[in-house]
Structure formats: C-alpha cells, structure tokens
Amino acid sequence: MKKLLTLVTLLALIVLATSVAAQDAPVELRITWYDDGSEGAVLRDLLDRFEAENPDIKVIVDTVAYQSILEQLPLQVEAGEGPDMARVTNFDAYKGFYLDLRPHVADAAYWDASFAPSVLAALRTADDPADALFGFPNQFTVTGPYINRTLFEQAGVEVPSDTMDAVTWEEWTAAAQAVAEATETQYAIAMDRSGHRFAGPAFSQGAMLFNDDGSITIDTPGFRSMADLLVRWHQESLTPADVWVGAGGTYSPGLPFFVNGQLVMYMSGSWQIGALVRDVGDAFDWQAVPNPTGPGGSTGMPGGTMMVAFAETEHPAEVARVMDYLVQVDTLKEFTERTLFIPAHLGLGELNFQTDSAAAQAALVTFANEVPKLSEQAYQLQFGGQAFAINNPIRDRLTQVITGELTMDDAVARIQQDVDDALAAAASS
Amino acid sequence: MAIKRILSPFNWLLSTVYHLIIDLVDLLMRPLQNILGVRGMAYVFILPNLLVFGIFILFPMLLNFYYAFTGGTELFPENRPFVGMDNLNQLFTCEDFLSPNSCREDLFWRAVLNTGGYVISQVALLVFMALITALSLNRNIRGRGFFRSVFFYPVLLSPVVVALIWRWILLQDGVLNAILVSLGGERISFLLNAQWAQFWVIIISVWAQMGFFTLILLAGLQAIPTEFYEAAGIDGATAWQSFWNVTLPLLMPNLFVVLVLSLIRAVQVFDQVFNFTGGGPGTATTYMVQYVYTTGFANQTKEYGLAAAASLVMAAFLLILTVIQLRLGRRGEIS
Amino acid sequence: MRTVLTFLTNTRGKKRLSLSDWLTYGYLLLGTFLMFGPVIWLVMSSFKTQAELIRFPPRLMPYRQEVATVAGYDEPLALYDVTLEDGTIRHLAQVRRVGIEAQMVDPAAPEEIIRVNINQRTPVETIYFSLENYTLGTERFNFWVYLGNSVVVTVAATALTLLINSMAAFALSKYQFPGRDAVLVTTIGTLLVPLSVILIPVFLVLQGMGMLNNLSGVIIPAAATPTGVFLLRQYMLTIPDELLESARIDGASEWRIYLQIILPLARPALAVLTIFSVMWRWNDFLWPKIVLSKSELFTLQVGLASFGGELQVQWDLLLAMTVLTLLPITFIFAFLQRYITSGIATTGMK
C-alpha cells in the first residue's frame, strides 16, 4: 500500500511538472519536407540556429517521400490537417490555402524585390490579393543533360558541345551511341521519367502547346518529333527501359544508371549536382552540357521548389518569423551554397559554393547560363497553373507508346483528352 | 511442462483479476439488464461493434455512393456539384468493351480486362496449388506440423515486404537472372515485359496466400472419416475414383469457401501489386482498385466522382459474382 | 501414373515408404525451399555492402573487400591482387579508378603509383556480415519510434477487436432480435468493398472525428472487423444454448454469461482472431498512411513505404529495414506456429 501511495504521488508530480512545463512551452511549428540530396540536413542546421535565438519557437521537420508531397499533402491541406509550412513543387494543388505573409513580415518590400514577380505570382489565384506573399522559391532549377566525359575520352569521340555552339538532340544521340558502342557501355542516353523533363526538349524541337485563347494543343510536329525520338531510344535499346517502363505510374529518375557508369548521357537537371558529387565521387568525370537545340531553339524547363505557408496555421505570426528568417540573404545564401542549388533569389551576390568538386562548380556555371535561354513557353508551362495537368498525361501516355499499348497517334489524342479533362474538372469547381 | 509450472502463479493472478473484472462488470451491468431485459442486452453487446463499423466503414461507403454522382475536384461533398449519371456514362462510353482504346476511359477498361485475366488465372492456380499442398500434408508423413507452418509463413508477411522481397529477386541483376545465366540462358527483364510482369504478379500472390487456403482445405480433408476410403476400397474403386467420388464431394464445402474468398480477394488485388510493379510496365498490371486509387487519390487532378463511380461498378460486379457463387454453392449442397 | 493416383487419395496409416511418399516429401521439401528461400535470400542480402549488392552474379554469402590504411591517404584504400605484366601477382591498394585504368600503390611503398588495366586485378575479399546497414538504417529510419507505434497500434487494436467482435458475435449467435439478419448481412457484405476504394470518404470521416494524426485513428476504426465477427459467431453457434439457460436459471446476468461462459469456451476461435488481428494491424499500410502524416507517429509499414520511395536505389538500407520489420512477426510465428496453424485448421472455417 505504501508503494502504491508513492507511485501515485510520483505520477501526480510528473503530471504537475509537465503541465507547468507546458505553460511556457515553445510554439511548435511543422514543416513537411522532402529531400533530393542532403538539403534537409542543411535546413535543420539553419533551423537549429533559429531556435537558439528564438526559444519561443520550435520547428519540427517531417521528411516524407516526394510521392507524399504529390499525393497526400494536397488532401491534408484541403481538409485543414496540413502542416504550417511545406516545401512543394506542385504549388498549384494548394492554391487558395496559402497564408498571406505580407501583414506579418517586417519588410515585405524585401520579399517583393528579391524574387521574380512571376514566380511569386505563381502561388496566387485570381481571387487572391494581387500582392499576397504566400511563400518564396528556395531553389531554382533548370533541366539539362549531363555526360560521362571519361567515356567520351575512352571512346575517342569528340564531345559535340566542345566544338559546336548548337547541337541537336539527334546529334547528341548519335554521339552517345557511338561512345556506348566503343566503350561497351550498356546505355547511351536516358531521361528521367517525367513530363517536366520531356517538355524542354519538346519545346526545343518546336512543340508549341499554348494557344492564344488559353487552350492547349498537344499535336504539333515538334512534339511528335521529340516523342518519336524518345520512343526510338527505347526501340533501339539506347536507354535503360527501367526508367520509363519499369516505374509503373510514378516519377522515376535515371540517376542510378548514370552514377554507376552504365550511361553515357543523362537528361535531368541542376538539382542532381549534389547527388552526383556524393555518389560519383572520382569514379569518372561528369559534366553538365548546354541543352541541345532544335527548330524551337534551345531551352530547358525552369522549375524549383517553393517554401510555402498554409493559412490554417494557428500561429501565423510565428510562421512568418520562421519564413522571414529562411528568406533572408544570409540564410538563403548559406542554404544555396551548401546544397549546391541555383538560387531563385535575385540578390544573393557572389556565391561561394561549398564543394571541392570542379565538375560541380562547372555544372553550376553551365546551368546558370541556361537560365536566360529558357523560353517563354517553358515559363508558361511551369508557372501558368497547369503544369501537372499537362506533364503527367504526357509521361504516362508516352510510356504506353513505348510498351506498345498505344500508337503514337492514339497517344497524342489521349494526352489531349486527358489534359482537357483535367483542366475542365479543375475549372468546374 | 516446465513453462507451465513457471507460469502457474501468473495464471493464478490472471484468473483472480479476471474474476474480479467479471464481478465488477456484473455489478455495473445488472441494473441495465433490469431495465432492458435479457433480449435488450443483445443490443448492448452489439452496439460498440456496430458503432465503429457504422461510422468508419458503412458511412464512408454511403458517402462514396454519393460521390459517384458528383463532379469537380472539391474535396468536401457539400461543395461538389451534382452531376447525376455523368460519371457512370463516362465510364461506359465505349465502342467495343474488349478494345480499351475505343473507350472514353480507356484506362478503366484496361484495368477491367487485366483484372479479369488475373482473377481467372490466379484463382485457378491458387486453388490448385492449395489443394495439392493440402493433399500432401494430409498424408501420413513426418514433420507435418513443420511443413504446415512452412507454407503458412508467407501469409504473415505484409504486402509491402512481399513486393520488396520479390523485386529484389527479379531484378535485372537479381539472383533469378544469375541462375538463368549460369544455366546458359539469357537475362530477362522480368518486370519490364508485360507478360512476364503479369506472370510474376500471379506467382507472388499465390506464394503469399497459398498457406491460408491450404489450411482451410486441410481442415476439410482431415474431417473426412477413413471409413469412407475403406468402403470405397472394398468396392474396388481405383485411387482416382475414390478421389472423385469420396474426397472431392466431401471437401466441397471447404473448396467452396476457398473459392469465394480467393475470388473476392483476387478482384480486390492492389497493395501487393502496387508495391511490386506500380501497375506497369505501361498499364499491364494495373487492376481495378489501382485505377480507383490513382484516379481519386494519387493523380494531381483528383477526380473523386469518377473514382467513386468506378468503385461502384466494381462492387456491383463482385456482388453479382458472389450471389452467383452462393446460388451454385447452395445447389451443390442440395444435390 | 498409379503413384500419382494413390497420392490423390491416400490417408495416413502405412509404414513403408512408397514412391508416392517420396514424391510427397520431394514436393514438400521443394515447397519449403520456395517458401523460405526468398526470405532467406533477403536476410543474407541485408548483410551485404552496397558494392556487393550490385555485383552480378550475386553470391549467397556477404563478402567485403579488404581495405588497408596507406600512408599519405586519408581514407582506407581497397586491396586487390594484381597480375602484373611480368606475370607476378602483387597485393596492391587502389587509389582511384579512371575508366579502364586503375591507379594503385603498394601499401608497403606508397610513393610510387602503378597503373594497371582494371581487368588485371581481383579484389581481396573476406566473408563479412555488415551490420552497418542495420545501424545506419535504424538511425536514418527512426526505427525505434516506428516500432513503438506499431506495437502500440497492434496491441491496442487487437485487444479492442477481440472485445467488441466477441460481444457482437455473442449477440448475433445467442439472441433472437429484430434486425439481427440485417446486421449480419451488412457486416459480411462490406467485405466486398476494399478500403482502398473508399479512401476519400474514410479520410473525411476521420477528419470530422478529429482522428487524423492520432494513433487512435488507426486503432479504433480497424477494430470492427467483419471477418472477426463472422468467425467468432460461427464458433459460438456450436456452444450449446443449454449452458446459457442453466446459467440464467442460476441467476447469472448476461454479462456474466458472456464473460464467464462464452469467452472461455470460445478461446480457440479467439486465439485465431488474435493471430489474424496481430497480422493485419502489424502489416496495415494504406490506412495508417492516410491517417498519419507526422513522422513521429509513423508505423513501421508506413515508414518503410516512404523510406523505400525516398531511397529507391539504397537497397542496402532498405533490405536491412525490411528484415527488421518482419522479425517480430517471424518470432511470434516461430513460437506459436503449432497453435496458429492447428487453430486455423480446426476453428477457422467450420
């Protein structure tokens, strides 16, 4: 009985202690985050410093699979069960649910001046205030290809972009094929399984997509020419089928093949630099090369991740403080330099990327040079509010052509129908 | 047994506590019984289960039914416009149901055809393998308990784990290809080829489910009295005849249960395949549930109405199938 | 042919091993191999280093390349046996590999770089069970948190399932009341609609009940299993009504009858349901996935699924974590397998 009494007293004390502690417990904020490389660790570092200076706020980062950002987060946010902040790429999915930070941040003019107006506007709908600050891009990306330079050297094949300013996709394909044959490398060329990755090359080949009346046209010679090329890569086994065919219905990267030296040329984008530095090491020399050119010019796709805040948060002022901290030049500069990202911030000044890798430094320069070349259509696709509605049908239907389930004619018609359906469904509510 | 002796004070404690609980519950519930009567207590007993069931299973199903007749992409039902039969019409707009390309919702009909093929071959193989295994285990062999457990073990594994185990084996550089190469064969990209992927989806599902159905059949086999076989033997029946005339008819009730359960499960196939092939290559292993899941949940434009309509079609199909089976089963029992 | 036929009908009771016996043993042993083989392969692979994992053809045992610390190099270097041009074989450490050429040094004389064709070298290897996959995996994967959640969910949900399912089964098997058949038919009818197709409505209900991001949202909804109710009801039907009648005459209340007579008699069926429930809840993946989005609440399956999505190529960690998630259920099975299989066989489907 005595023991029981002690136990009860002890329990009571614990309850008391926790409730006392709860009174001045810091505000708990949550960020839903996904990782391409090691940027989560850098964010954590930055947040630790923030927490040290702001003991009244504690930020928890929930790192989830990228798939969850695409599938579950929109649902959670719409149901009012989302986090306070998130790192997203599908920012269209959350429109109408963002928190306007303008009233809460000390210097809103700094935000306006730091980013391209079109990028900040990509988070707003027509119903939102025209100056609403819903978040900021913490990373800008450009798509573009990488090559395994060591393999070119071993094959004795000249790297086309060394001597020519404008190289077409067909020329690159032929060169990569020659290298693969000479070095007995398994695959010549590959592209991530993603409509976003496909779009840049398609625009370069002359695809148009956007009509003046706001409608979308898939079936243009330019679109077909890139689609045919992609299918040819598969028919001639120039590309690892795993990437497009083996992935089922989702995004799938070609990175492992490139990293393992099984692939000569790899179409991806600037966000892979960190992973390449980490995973390739000095196994071979890799290099980012300019986007190939074609009848439609030379363009990659812009992209990037947005750090956004959600309106349902119970602590808008605290959220704004965290966001305002993350957006400051010093913080964003450190984040960019350590993650080897291309900044979307217009005024970070001279960047001192923290890597010993000459290849990474060179790649950052190459991708930076790609930014001014991005076409207007590329921007419109990415930030016009229809990106996923267009990109995913392209990805899924072209896969069906590759596996022989659809003819190219059928696929083009189906993509058109899928895009129209998606846009109609989105418009009807 | 030593373990039992060690546990006996523990057991004593447990039964004392249990009796205390009984007395306590008895004390609390007796007034209730006095009010409701003996018959009324049935409702009390069923209430918790019914509440949980009603709130979390039945109500969502009814809500789903409503979704099927609404459109748009809004999540909350009150914001969704009522569109009547539009979703069902969209699903059934088709020139030729056997050629998905001619249908408005080609992916749905691909899924339907894939599911049909899967159900027929998977159920057939599953029942056949379970029967063979049950017959083997029913023989007078050493280590029956061990073998029985062996076949049951994969049943315990989660779909995520089963999918991962097999993907690891079937990789291009996996162990199965290594065996093929060492036997002088060529490497096969098992999951990149439509036929191979469909084949392996069936194999792994049989692998993972067989043990359960084997046990049901085994229970039936063991319930058949030996005298029946002896009688058949005296009548000069061959082994084959007594299998047909004694074993099969007496095993029918269990076979029937196996058939109904495995059929329902096969039509509802999802988790395992989704983790295994993701529905690919292309749409070769995309089945009906995955179509619903992708359309209403995974896609960026979430067409909840269309997904709900597809799930209604699926439920109706299953209902018809089950009713037919039950009818056949009943007729079988009478004759 | 004859032997195949006897196989089809034979029951127990003979001494001598006939050909059909041999066939049976052969089949069962092959079955054992096919049932356990994939899992054993998984376990063996989980001890391999990343380099060993991508090797083709793979080997059963995990090997690791020997490394040596060489003066002048910060990182330990990998050791190879190199066949030099003069035919001698030397023990060299590789500094780096460039294409088809490897730059190597002798650990004893690290100043001189020796260039060799990569086909001239074979790695020096020993068998090594790499526990790094497990230690690194549990670190990155938050294993202990997920394990705790899985245990809480499994235990609580199973206890709740047993209680409310057996109560319902008792009512459905031992009482006549209006609406009984309707309840029974509806309960079984819902087996026809899998959870995966009503995700959105379920999500809304959970949201309305405030159960999102709460373990109770995984525990409570899952408790009213139709299978459990049906299984227990079928078993309870076999309990003679006279037992209940005489208890009532002795003045026992209905709750006393349920707790003191029905539950103890239904123990075999309860045991089977326990096993099923543990299995279901431990392996549940879709439901927890939509309920839980805070990582400190993840169960093992949800964690594993998101882990796999994130690190598609990191087979080393993924395999190790998979092994860890299937260990607990394997242990339970190993200790209880006799009860499990005979329980299902005798009570499962009466």
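The values are calculated or read from the model by the stated rules, or taken from the named source; none is laboratory data. Here the structure is a predicted model, which is why all the values come from computation and not from measurement. Cβ placement follows ideal geometry from the backbone for every residue including glycine, while neighbour counts extend to all protein chains displayed.
Quick notes on this structure:
- Annotation note: of B:Ile188, B:Ile224, the sole residue that is among the aliphatic types (A, V, I, L, M) and either closer than 30 Å to B:Asp271 by Cα or more than 10 Å from every other protein chain (Cβ to nearest Cβ) (or both) is B:Ile188.
- Annotation: B:Phe97 fulfils all but one of (1) in contact with a Phe, Trp or Tyr (Cβ under 7 Å, 6 or more places away or on another chain); (2) more than 23 Å from B:Val269 (Cα to Cα); (3) surrounded by fewer than 21 Cβ atoms within 10 Å (Cβ to Cβ); the unmet one is (2).
- Subset of the stretch A:237-253 (residues that are at pLDDT 85 or above and within 14 Å of chain B (Cβ to nearest Cβ)): A:Ser237, A:Thr239, A:Pro240, A:Ala241, A:Asp242, A:Val243, A:Trp244, A:Val245
- Among the residues examined, C:Trp282 qualifies as at pLDDT 90 or above, more than 30 Å from B:Leu27 (Cβ to Cβ) and among the aromatic types (Phe, Trp, Tyr).
- Those strands (runs of 3 or more DSSP E) lying entirely in the stretch A:25-133 with at least 1 residues polar (S, T, N, Q), within 14 Å of chain C (Cβ to nearest Cβ) and touching a Phe, Trp or Tyr at 6+ places or on another chain (Cβ under 9 Å): A:57-63
- Of note, C:Ser45 satisfies the criterion of being touching a Phe, Trp or Tyr at 6+ places or on another chain (Cβ under 9 Å), modelled with pLDDT of 85 or more and among the hydroxyl-bearing types (Ser, Thr, Tyr).
- Test: residue in the stretch B:155-173 that is at the interface with another protein chain (Cβ under 9 Å from one of its Cβ atoms), in contact (Cβ under 8 Å) with a residue 12 or more places away in the chain, not in a helix (DSSP H, G or I) and not aliphatic (A, V, I, L, M): yes
- Flag for C:Ala269 being in contact (Cβ under 8 Å) with a residue 24 or more places away in the chain and either within 12 Å of chain B (Cβ to nearest Cβ) or crowded, with 21+ Cβ neighbours inside 10 Å (or both): yes
- Considering only residues in the stretch C:4-40 that are at pLDDT below 55 and surrounded by fewer than 17 Cβ atoms within 10 Å (Cβ to Cβ), the one that is farthest from the other protein chains (Cβ to nearest Cβ) turns out to be C:Val4.
- Filtered residues of the stretch A:334-360 (kept if of a type outside the set (Val, Ile, Thr), in a helix (DSSP H, G or I) and surrounded by 14 or more Cβ atoms within 10 Å (Cβ to Cβ)): A:Glu334, A:Phe335, A:Glu337, A:Arg338, A:Ala359, A:Ala360
- The set of residues in the stretch C:185-207 being closer than 26 Å to A:Gln76 by Cβ and within 25 Å of the chain's Cα centre (by Cα) consists of C:Val193, C:Pro194, C:Leu195, C:Ser196, C:Val197, C:Leu199.
- Tally of residues being closer than 19 Å to B:Arg80 by Cα, facing chain C (nearest Cβ under 8 Å) and among the aliphatic types (A, V, I, L, M) across the stretch B:288-307: 2
- Extreme residue, nearest to C:Ala93 (Cα to Cα), among residues of the stretch C:47-72 that are in a strand (DSSP E or B) and not small (Gly, Ala, Ser): C:Val67
- Among the candidates C:Leu237, C:Leu243, C:Leu263, residue that is surrounded by fewer than 21 Cβ atoms within 10 Å (Cβ to Cβ) and farther than 18 Å from C:Leu162 by Cα: C:Leu243
- The stretch A:252-292, residues that are surrounded by fewer than 18 Cβ atoms within 10 Å (Cβ to Cβ) and touching a Lys or Arg at 6+ places or on another chain (Cβ under 6 Å): A:Asp282, A:Asp285
- The strands (runs of 3 or more DSSP E) found wholly in the stretch C:73-147 and carrying at least 3 residues that are of a type in the set (D, E, K, R) occupy C:89-98, C:109-117.
- Residue in the stretch B:101-124 that is modelled with pLDDT under 90 and within 14 Å of another protein chain (Cβ to nearest Cβ) present: yes
- When residues in the stretch A:361-386 are screened for being assigned to a helix (DSSP H, G or I) and closer than 15 Å to A:Phe140 by Cβ, 15 of them pass.
- Within the stretch C:188-198, the set of residues being at the interface with chain B (Cβ under 7 Å from one of its Cβ atoms) and either surrounded by fewer than 23 Cβ atoms within 10 Å (Cβ to Cβ) or at pLDDT below 85 (or both) comprises C:Thr190, C:Leu191, C:Leu192, C:Val193, C:Pro194, C:Ser196, C:Val197.
- B:Trp244, sole failed condition from (1) modelled with pLDDT of 85 or more; (2) surrounded by fewer than 20 Cβ atoms within 10 Å (Cβ to Cβ); (3) within 12 Å of chain C (Cβ to nearest Cβ); (4) within 30 Å of C:Phe33 (Cα to Cα): (4)
- Residue, surrounded by the most Cβ atoms within 10 Å (Cβ to Cβ), within the stretch B:73-90, restricted to residues that are within 30 Å of the chain's Cα centre (by Cα) and away from every other protein chain (no Cβ under 13 Å): B:Leu88
- Count - residues of the stretch A:254-270 that are of a type outside the set (Gly, Ala, Ser) and either within 20 Å of A:Asp409 (Cα to Cα) or modelled with pLDDT of 90 or more (or both): 6
Yes/no matrix, rows are residues, columns are (1) at positive phi; (2) among the hydrophobic types (A, V, I, L, M, F, W, C); (3) touching a strand residue (DSSP E or B) at 6+ places or on another chain (Cβ under 6 Å); (4) touching a residue at least 12 places away in the same chain (Cβ under 8 Å):
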residue: A:Gly300; (1), (2), (3), (4): no, no, yes, yes
residue: A:Val319; (1), (2), (3), (4): no, yes, yes, yes
residue: A:Phe353; (1), (2), (3), (4): no, yes, no, yes
residue: A:Ala389; (1), (2), (3), (4): no, yes, no, yes
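- Residue check for B:Tyr43: more than 30 Å from C:Gly210 (Cα to Cα), facing another protein chain (nearest Cβ under 9 Å) and among the aromatic types (Phe, Trp, Tyr): no
- Verdict on C:Glu101 being over 20 Å from B:Leu176 (Cα atoms), charged (D, E, K, R) and free of Cβ contacts under 8 Å to residues at least 24 places away in the same chain: yes
- Selection of the stretch C:58-74 for residues being at pLDDT below 80 and either loosely packed, with under 13 Cβ neighbours inside 10 Å or more than 40 Å from the chain's Cα centre (by Cα) (or both) yields C:Ala71, C:Gly72, C:Tyr73, C:Asp74.
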